[in-house]
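The values are calculated or read from the model by the stated rules, or taken from the named source; none is laboratory data. Just so you know, these numbers come straight off a predicted model, no measurement behind them. Quick reminder, even Gly has a Cβ in these numbers, built from the backbone with ideal geometry, and neighbours come from all protein chains shown. When the accessible area is computed, the model is the full protein with side chains, heavy atoms only, and any ligands, DNA or RNA have been set aside. Shrake-Rupley method; radii C 1.70, N 1.55, O 1.52, S 1.80 Å.
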Amino acid sequence: MKVCVPACSVVDGCAAGSGPILRIAVPSPLYKTFDYLPPLGCDPTLLQPGMRVRVPFGRQNRVGFLIEVGGESEINPAALRQALAILDYDPILPVDVLALIQWAQRYYHHPLGEVFATALPVLLRQGEPALLPTLSPLWRITSAGQSALTDTATLRRAPTQRLLLDHLASCSGGAESEDLRPVVRNSAATLRALRDKGWVEAVTPVDPAHPVVSSALVSLPPPVLNPAQAEVITTVSAALDRFQVFLLEGVTGSGKTEVYLRLIEAVLARGRQALVLTPEIGLTPQLLARFRERLPGPLAVLHSGLNDRERLNAWLLARAGTAKVVLGTRSAVFAPLRAPGILIVDEEHDASFKQQQGFRYHARDLAVIRGHQLGIPVVLGSATPALESVQNAHSDRYQLLRLPDRVGGGAEPPILILDVRRQPMTEGLSQPLLERMRSHLARDEQVLLFLNRRGFAPVLFCHECGWMSQCPHCDARMTLHLRQRRLVCHHCGDSRPVDRTCPICGSVDLRAVGHGTERLETALHQEFSSVGIARIDRDSTRRRGSLETLLADIHHGDRRLLIGTQILAKGHHFPKVTLVGIVDVDQGLYGVDFRSSERMAQLILQVAGRAGRAEKPGIVVIQTHHPDHPLLRILVSEGYPAFATAALAERRAALFPPFAHQALLRAEAVDPERAMGFLHTARRLAEPMAEGLELLGPAPAPMERRAGRYRAHLLLQAARRQDLHRFLNRWIAQLWAQQVTDRTVRWSLDVDPIELY
Ligand SMILES: [Zn+2]
Ligand SMILES: [Zn+2]
């Protein structure tokens, strides 16, 4: 029996004898581990790092993680408290995940307990036993269901049932009820209704090694690979036994997912597992269905939409090796794997891989570290790789692999720069763009307008006195949402009813300035009254299932004019769209951040990638007041690789990342003096030891006040990464000591920041 029995009557410091010391990471914002004595009656030789330990912490009990068993403590043994119980027979965390967590803690200089909190399912942190779940049943369509589907009359009055049945027909291996939730609203009730009719059935995967595969369906043969795909697969397959990072640069529609699937199949054939990371928004039901259809066995899916129990179950299935493939968003980079064989990061440039609060890690970068620690290949895929990754390929740290052609032929849509200077504009749209929209719509085709600003107008303005709808808590304007009749701050979430008169002068002449998606939709309803419009942004898709309904309408051609923010730009394909209009690119061209142009280029190509397919070539039109912007020109005329080379040359000249390494110390407080005061102290501490470093600031953040707090930062930059980290090691320890003196300041360190505010 390895479990040590809790000894609740233990008094602090009762164990006077010398014995092993347990070094434990306790979830807390403190930048250190805590020493404890083993629980009473515990055989210390059975203790292993990665086990959970219940410990007294302040006046509470907490679940901590055993980091190491040491001989000595810096603390007087008489003052050490005794741990209460060991919760696991075996380490809950595999050695490699423990190593990754510790590496991440050192690199990002973040409290270890909080790193554990990010890496582990919440139930495990609460002390839940790590029991492998019974597998949830798989739902699949029956042959009666198949015939019901072909008989259109039967399902005419049950569109939800048809949608779900349709979906199940495409999942030859069946689908778990969890994966059906995004497909239709109230999927559980719909499933019951379908089951009662005998159109679907639930089957239990008895032996996970031999999953149930529907015999009624013949799965489609995998598509034939084009030469570029085949070459990529051969190259990566030859490196399955060692660490190597591959940067897979493939234009939209070039069949990257098929490459992933083939590589995963090769890994599974060797009895290993695959971990695939995608941006939150890229984890669509279509992608899940495609993985399920092609890959055997249960799939562990980890994303933010799961409840705690589901997350724990998926985590345990991955750890046991029952799930051969783990598909997840950012934090899945810490998923435990019994026999890891490959790590794949799809859309590796996506900003959502970087956590922007608390423990600010980058999941793509950690995937590379993990691959190195495990000695397995890492594939980073994107149509528009991050410049950091491109530079790593240029310097031969990563091997560059290209998929230059769309599957099934067809050229990429041409991109046209439309100079709108001095042009008469109708609700933000120029006449040439409106003309093109008319002709494409007249041909019964679809048009997509991209505008990355939701709401009706970004500001409400008094024509009489110049008052603007300022947020009372932020240095930002409140956006007018006309349909809800509210002003909403997109930064702190505060909202209030729309003012009828100016709060300063009482004038009724209040005007909406600028354009959001809601305004564009309203205007286009008048301009194209006979065309169905789909607006896709965070407001119109808030209700569960509403996005799917809109997508189905677009797919069936009921709505042919699409307006959307970046939700529309990612993950979805609209084969009938032949014209893409990018309404306003100028914001991105001259943003405050040196990464603005990179993001602009990625977004343009992503939106462009939604258009057309082989049989119907599309065109992309960009409206701009800066038609001669050099990087925009290169992007449009020569494509992304040329853009990346030019943008990297600019970065090199300006000594920006990846040619320098940065860390950002942020501070915020209700009192602006306090935040700046803390940063000035931090700078004074830094100066004597900042060899090889540049200290920039402190300076107020670009948006100085947000949600009622003043924000400022100090930027640290070094030409060599090791200089930066050697410095941070010493500096952060001193800052933690400093912190005690001013509790009103909230501060955080961001290593390799991707946003400078
Ligand atoms: Zn006024
Ligand atoms: Zn606000």
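Under a crude label model (7 Å from the Cα following the beta-carbon direction), how far is A351 from A78 in nanometres?
The answer from the label model is 5.7 nm.
Using the Cα atoms of the range 639-703, I'd like the radius of gyration and the largest Cα-Cα distance, Dmax, both in angstrom.
16.3, 48
Between R421 and A523, what length in nm is gained on full extension when 0.36 nm per residue of separation is reduced by their alpha carbon distance?
Gain on extension, R421 to A523, equals 34.6 nm.
Under 20 Å Cα-Cα from K576, which lysines qualify once same-chain neighbours fewer than 8 residues away are excluded?
Hits, sequence-local ones excluded: K616.
In whole Hz, with x marking every Gly and Pro, tabulate ³J(HN,Hα) for the range 101-110 from phi via Karplus 6.51 cos²θ - 1.76 cosθ + 1.60, θ = phi - 60°.
Along the range 101-110, the couplings run 4, 5, 4, 4, 4, 5, 5, 8, 6, 10 Hz.
Sorted by mean Cβ packing within 10 Å, highest first, what order do the peptides 509-517, 271-279 take?
271-279, 509-517
Å³ per residue of the Cα convex hull, for the range 326-438?
Output value, Cα hull per residue: 211 Å³.
How would you rank 439-452, 107-120, highest first, on the average number of other Cβ atoms within 10 Å across their residues?
On the way: 439-452: 19.4, 107-120: 21.8.
In descending order of packing, they fall as 107-120, 439-452.
Please work out the ratio of the alpha-carbon Rg of the range 602-756 to 2.2 N^0.38 Å and round it to two decimals. Don't jump to the answer; show the numbers that get you there.
Numbers: Rg = 20.9 Å, N = 155, 2.2 N^0.38 = 15.0 Å.
Cα-based Rg divided by the globular estimate yields 1.40.
Take the alpha carbon gyration tensor of the range 441-537, find the square roots of its eigenvalues, order them as a ≥ b ≥ c, and report rounded if a/c is under 1.5; if not, report prolate when a/b exceeds b/c, else oblate.
prolate
Across bins of 5 angstrom width beginning at 0, how are the C-alpha pair distances of the range 673-720 distributed, in whole percent?
5, 21, 27, 20, 14, 8, 4, 1
Output wanted: per-residue J couplings in Hz (rounded whole) for the range 317-323, from phi through Karplus 6.51 cos²θ - 1.76 cosθ + 1.60, θ = phi - 60°, x for Gly and Pro.
For the range 317-323, the Karplus-derived couplings read 5, 5, 5, 6, x, 5, 7 Hz, x marking Gly and Pro.
Please report, as a whole percent, how much of the solvent-accessible surface of the chain comes from carbon and sulfur atoms (probe radius 1.4 Å).
52 percent
Work out the FRET efficiency for H372 and S395 from their Cβ-Cβ distance, taking R0 = 25 Å, and round it to the nearest 0.05.
According to the calculation, E is roughly 0.95.
Under 1.5 on a/c is rounded, so check that first for the range 251-305, then, if it is not, pick prolate when a/b is larger than b/c and oblate when it is not; a ≥ b ≥ c are the square roots of the alpha carbon gyration tensor eigenvalues.
oblate
Give me the tail of P(r) for the chain as a percent: Cα-Cα pairs with distance above 42 Å.
37 percent
Report the paramagnetic label zone for Q566: residues of the range 444-465 whose backbone N is under 13 Å from a point 7 Å from Cα along the Cα-to-Cβ axis.
Under cut-off, by backbone N: 451-454.
Given the DSSP H assignment, sum -39500 (n - 2.57) over each helix run of at least 4 residues in the chain and divide by its residue total; what's the result at 222 nm in deg cm²/dmol, nearest 500?
On the way: 24 runs with 244 residues, N = 757.
Rounded to the nearest 500, it is -9500 deg cm²/dmol.
Rounded, prolate or oblate: which fits the range 262-408, taking a ≥ b ≥ c as square roots of the Cα gyration tensor eigenvalues, rounded meaning a/c under 1.5, else prolate when a/b beats b/c?
Rounded, since a/c falls under 1.5.
In square angstrom, what is the accessible area per residue of the range 69-185 with a 1.4 angstrom probe?
45 Å²
Given the peptides 678-685, 489-496, arrange them by the average over their residues of other C-beta atoms within 10 Å, most packed first.
678-685, 489-496
Considering all alpha-carbon pairs of the range 491-642, what whole percent are spaced by more than 25 angstrom?
42 percent
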